[in-house]
Amino acid sequence: MSAPDTWIPHHREDGELVGWIEPSGEGFVPFDLFGRARSAEAIDWVSAEDALEEIGIGFLAALHAYRAEDGSWVQVRITELSTDGITVKEDDLGAVGVTKPQYVVPFPVDDRLVPLDEAPGPVRGPFD
């Protein structure tokens, strides 16, 4: 799925896309690069821009947890990101030449992919 037509791309000063802003009633809702709403309710335009710029793109480099088909959680890193889907790879600690399983999460991201510290259960890491 691609971003809805109602989502307005928001770029930081250097031109990097940091998310989208969608008109909602009298205000606007910011969406991050995962397509997740970053405000529970509509806010003013400037606040929506500020929210996206504060989130930025740094969170993409952080470790995440992916819920595998068997329901277990696996430590992963983001390898590709687009509105066609998010590709994650089991964390290999940056080892060159190591092949680890990859998974594709649909856009917008659902509850299968969360920040590592928000995983609702034990997470299998690279040494497990």
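Each value in this text was obtained by applying a stated rule to the coordinates, not by laboratory testing. Quantities reported herein were computed from a predicted structural model and do not represent experimental measurements. Note that we place each Cβ from the backbone using ideal geometry, even for glycine, and neighbour counts take in every protein chain shown.
Side notes on the structure shown:
- Distance between the 7 Å Cα→Cβ label points at Glu26 and Leu63: 4.5 nm.
- For the chain, the 222 nm mean residue ellipticity estimated from helices alone, with every DSSP H stretch of n ≥ 4 adding -39500 (n - 2.57) and the total spread over all residues, rounds to -2500 deg cm²/dmol.
- Taking the Cα centre of the chain as origin and assigning +1 to Lys and Arg Cβ atoms and -1 to Asp and Glu Cβ atoms, the resulting dipole is close to 560 debye.
- For segment 62-121, the average shadow cast by the Cα convex hull is 4.2 nm², which is a quarter of the hull's surface.
- The Cβ shell under 12 Å around His11 holds other residues with a net charge of -4, Lys and Arg each +1, Asp and Glu each -1.
- Peptide ranges 32-42, 10-20 listed from the most packed, as the mean C-beta count within 10 angstrom indicates: 32-42, 10-20
- The gain in end-to-end length when the Thr87 to Phe127 segment is fully stretched comes to 12.3 nm, 0.36 nm per residue minus the alpha carbon separation.
- Extension gain, Asp70-Glu41: 0.36 nm per intervening residue step, less the Cα-Cα distance, totals 7.0 nm.
- Option label - percent of Cα pairs over 25 Å apart computed here, alternatives (i) 51; (ii) 61; (iii) 30: (iii)
- Positive-end residue of Val18, Gln75, His64, charge dipole of segment 1-78 with Cβ unit charges: Gln75
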